[in-house]
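Engineer: Dropping the structure in here first, questions after.
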Amino acid sequence: MENLPKICVDTTDAFMTTERFGTREEVIRWIKEVGIENKVTVIISHSDTETGKRGRSNKIIFGCDKGGKHKISDSGTQSASKKCGCPFKIRSTPAKDGSGWKIDVKCGLHNHGLPDRLEGHSFIGRLTTDEKQHVADLAKRHVAPRNILLSLKHDDSEVVREIFWAHPDSVKLLNIFPIVLVMDSTYKTNKYRQPLFEIVGMTSTELTFAVGFAYMESEQTENFCWVLEKLKELFVKKDMCPQVILTDRDLALMKAIEVVFPNSINLLCRFHINKNVGAKCKQHVVNDLQKTIDTLWMEVVWASDEVEYGQRLHQLEQACLDYSGFINYVKDTWLTPHRHRFVGAWINRVLHLGNTTTNRVESAHWKLKQMLGNSIGDMVKCWEAMNNNLRQICGCTLRTSYGLPCACELGRYRVGGIPESLGSG
């Protein structure tokens with residue numbers, strides 16, 4: 001047996017590359033994809049992150065799953081192991097010129113044979129991040145484990161994952177009044193525990209109207225992108241889009257808005273921001289100063305121009321010298337990344353028609369839930385409640401009570417180019 005030649009498989013060429021990768025995650029993804037293509041199960045045998053301490057640096061060491069030696073237990077019992085001391089080794093570190101992460105193949109040899117295919121291998125059988133999220137979402141909705149497994153096995157089948165619908169009258173109103181849209185998700189509306197995403201708009205007489213509804217499988221950026229693409233299809237003119245979209249600080253939704261409606265301005269709800277800042281103030285600031293700091297914060301939010309904003313922020317910072325946790329939260333979470341979405345100095349330049357909170361869609365949530373009655377209904381019951389809610393879109397109160405054209409009537413004249421009749425009086 002000792003005279004038999006050792007198996008030697010060389011995969012060096014497959015992993016050799018001059019490409020630079022922007023992040024650690026991109027390196028890992030590329031290495032594992034190349035490994036799968038070449039029937040090599042690549043694992044991370046060691047990694048480190050630079051912390052400023054001596055000896056710590058950014059690096060990732062990749063190896064073969066058969067690398068290393070099998071450890072014999074203290075009892076001396078020998079158990080089965082796939083480890084055979086495979087020398088395969090790849091090192092990845094950031095390039096010194098700052099161009100990204102580079103890959104250095106230290107040893108591309110394997111002292112064992114490679115399988116004809118990886119199907120059935122434990123590495124291939126692992127769930128991806130998206131699949132893990134999918135399992136978690138289904139588990140929250142009390143889907144049976146066997147059905148979750150079937151869902152994973154038949155992921156490409158025609159399974160309904162999201163539903164979007166809009167009433168014909170809503171579509172008409174959207175094209176008449178597309179300036180401001182308010183969006184938000186609500187929960188506990190159906191027995192499937194799916195979040196309901198609701199979109200509302202505002203007429204010229206300041207009435208709220210429902211634009212569309214969507215049940216989503218999950219609240220990830222890709223789910224929001226799908227819903228917003230469906231919303232985009234409702235506009236008659238292809239170049240039409242809302243000027244302002246008002247939301248909460250939902251990063252996935254905000255990213256989707258940037259992708260689907262890059263020309264729209266995404267404002268954030270002042271009410272929820274002030275509520276969060278107030279709660280953080282109570283955690284960090286002594287009771288005697290909470291009211292003072294709350295007032296200073298509101299002055300920052302309502303600053304009319306950038307000069308006043310700088311002055312108000314300086315006053316707030318001086319008042320919070322002993323409360324670094326609070327002021328850091330305010331600046332890092334809200335002001336630095338998002339001041340242009342809610343501070344008066346910036347949003348006063350935006351045609352938001354007085355909409356600086358998501359109150360309109362919150363009220364729509366409440367009204368819909370009153371019609372639903374409970375949270376255990378199926379899709380049919382939910383659709384009926386939404387349909388009943390949509391029947392009250394305008395109300396045409398001005399026409400019936402005062403004999404004057406209402407908002408939706410005026411809008412039809414404007415869009416259709418129909419001259420308005422002033423009557424004989």
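The values are calculated or read from the model by the stated rules, or taken from the named source; none is laboratory data. Note that the structure is predicted; figures quoted are calculated from it, not measured. Glycine gets a Cβ as well: all are built from the backbone with ideal geometry, and neighbour counts include every protein chain shown.
Engineer: Does Gly344 satisfy being surrounded by 14 or more Cβ atoms within 10 Å (Cβ to Cβ), of a type in the set (Gly, Ala, Ser) and outside the structural domain of Ile245 (by TED's automatic domain parsing)?
Structural biologist: Yes, satisfied.
Engineer: Mind telling me which of the residues Ser151, Ser99, Ser92 ends up being surrounded by 14 or more Cβ atoms within 10 Å (Cβ to Cβ), among the small types (Gly, Ala, Ser) and modelled with pLDDT of 85 or more?
Structural biologist: Ser92
Engineer: Which residue pairs have Cβ atoms under 8 Å apart, sit 6 or more places apart or on different chains, and have a first residue in region 22-38 that is in contact (Cβ under 8 Å) with a residue 60 or more places away in the chain and a second that is part of a helix (DSSP H, G or I)?
Structural biologist: Ile31/Phe15; Asn38/Ala14
Engineer: Take the residues in region 203-249 that are β-branched (Val, Ile, Thr) and within 23 Å of Arg193 (Cβ to Cβ); name whichever of them is surrounded by the fewest Cβ atoms within 10 Å (Cβ to Cβ).
Structural biologist: Looking only at region 203-249, we keep the residues that are β-branched (Val, Ile, Thr), and these are 203, 205, 208, 211, 221, 227, 236, 244-245, 247.
Subsequent filtering for residues that are within 23 Å of Arg193 (Cβ to Cβ) retains 221, 227, 247.
Values: Thr221: 18, Val227: 23, Thr247: 23.
Only one residue fits best here, namely Thr221.
Residues are listed down the side, and each one gets a yes or a no for (1) more than 20 Å from Phe326 (Cβ to Cβ); (2) small (Gly, Ala, Ser):
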site	(1), (2)
Met240	yes, no
Ile245	yes, no
Gly278	no, yes
Asp288	no, no
Trp302	no, no
Gly310	no, yes
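Engineer: What is the one condition in (1) over 26 Å from Pro178 (Cβ atoms); (2) of a type in the set (Val, Ile, Thr); (3) modelled with pLDDT of 95 or more that Val380 does not satisfy?
Structural biologist: Among (1) over 26 Å from Pro178 (Cβ atoms); (2) of a type in the set (Val, Ile, Thr); (3) modelled with pLDDT of 95 or more, the lone unmet condition for Val380 is (3).
Engineer: Are there any pairs, at least 6 apart or on different chains, whose C-beta atoms fall under 6 Å, with the first in region 83-105 and under 16 Å from Thr17 (Cβ atoms) and the second part of a loop (DSSP other than H, G, I, E, B), and if so, which?
Structural biologist: Pro94/Asn58; Ser99/Arg20; Gly100/Arg20; Gly100/Gly22; Lys102/Ala95; Ile103/Thr17; Val105/Met16
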